[in-house]
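The values are calculated or read from the model by the stated rules, or taken from the named source; none is laboratory data. Here the structure is a predicted model, which means the values were calculated and not measured. So basically every Cβ, Gly included, is an ideal-geometry build from the backbone, and we count neighbours across all protein chains shown.
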Amino acid sequence: MEKRRTVPVRLDVDSDDDVLLRETVDEFLWTANYVTRHAFEGEYVTTSKTTLHDDTYEDVRDEGRLHSNHVQAARNKAADACKSVVERRKQAKKASIPHFTSPHLVYDHRTATFHNDYVSIATVAGRIEADYVLPDKERDTPHSAYFFSDEYETTGAELHYRNGNWMLHIHCKRNVETDTSEQATTENGTVLGVDLGVNNLAVTSTGTFWTGEEFDHWRREYEKRRGDLQQCGTRWAHENIESIGRKEEGRFKITLHRISNELVNEARETECSVIAFEDLTDIRERTGASWGHKWAFNRLYEYVEYKAAEYGIEVEQVDPENTSRRCSTCGFTHPDNRQSESFECLKCGYENHADYNAAKNIGLRYLRRNQTGDDGGAPVGVRLNSGTLNVNGEHEPPASLEA
């Protein structure tokens, strides 16, 4: 199993090199947009990297100044974006032609060489060297844990320009063998179901709630600030809108990291081998969430996925159909079972918080989808705050309560 990490490192760039990096980024964005426009010229969208390379490489090399490997990286970026558009259109969703504007640049080992204190990177006018601006290496930081660790291999990076700084997001990876003792604790373990929503960002089948009140408060606050500044229309206002966006993203990332840590710890403490989420594809349409919420759901899932992998815990998505309408006790499904945040089964009378009921159903959905009926390590139940639910939805109390 591969364990991947991305470590952001600020670069110390002088004025001359700053100009070269800006020119290189401009060329990279122009190339990616050129390839994208070409992909959409025909009757069908071209997504093949080989075809796009054959059709555009010579033109881009003749008209631009990019290193050949940067041309390939820009082509790959464009091809991936085109594939995403095609997939969305197949699902009858709106998707316009991609256009790249965010200042960034993709590097691999052919265009960047990573040293202990500095990096050598390619530009449109040869290579430049830039020192890292790092925290104390003795401190417990991602830099010391991953970038400077002998256990990790540096695979590449993306250069970004934000808030007046050049930031190199360095990709690191290492191969991890799942520890046999860790496997022993999760074999034939249980599933932790997780429901995502607007009022409660996350609710688990063990009854742990992470409220969305703080998220909503700051989302509204930042939207109000942006709205006030947009009415000004000045350059100063525009710069402040960008600053607000960075602050908003930073604040929300901190919150989501905290929730993901706590969620993974919940799975470890209750000896769960799987964390099951609902499929995130159409979650905005199902929940009435904003784009900000959808971003938060996707980011939270990503954080949980890579953090859980360290402990041999799988993270999966299941079909969310009727998980909010189905009774987790008797299985009766009806739209009127749920009223806002309250759930009351019209058949058996089971009552509980609607999000908690949904989290249990998500866990049960995974359990039924993967139950093998043998001793092959498949999860045997959905973890609750008191015992488990088996594949039939029957509650099994802890051993200490069964005597």
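Points to keep in mind about this one:
- Total residues in the stretch 340-358, condition assigned to a loop (DSSP other than H, G, I, E, B) and among the charged types (D, E, K, R): 2
- Sole residue being among the small types (Gly, Ala, Ser) and assigned to a helix (DSSP H, G or I), chosen from 78, 122: 78
- Residue 52 being more than 25 Å from the chain's Cα centre (by Cα) and of a type outside the set (D, E, K, R): yes
- Hits in the stretch 82-110 - residues which are aliphatic (A, V, I, L, M) and in a loop (DSSP other than H, G, I, E, B): 92, 95, 97
- Residue count, the stretch 309-339 (criterion: surrounded by fewer than 18 Cβ atoms within 10 Å (Cβ to Cβ), outside any strand (DSSP E or B) and among the charged types (D, E, K, R)): 4
- Picking from residues in the stretch 372-402 that are part of a loop (DSSP other than H, G, I, E, B) and surrounded by 14 or more Cβ atoms within 10 Å (Cβ to Cβ), the one that is modelled with the lowest pLDDT is 378.
- Subset of the stretch 94-120 (residues that are touching a helix residue (DSSP H, G or I) at 6+ places or on another chain (Cβ under 9 Å) and free of Cβ contacts under 8 Å to residues at least 40 places away in the same chain): 94, 95, 96
- Pairs linking a residue in the stretch 28-44 that is farther than 23 Å from residue 105 by Cβ to a residue that is part of a helix (DSSP H, G or I), with Cβ atoms under 8 Å and 6 or more positions apart or on different chains, are 40/82.
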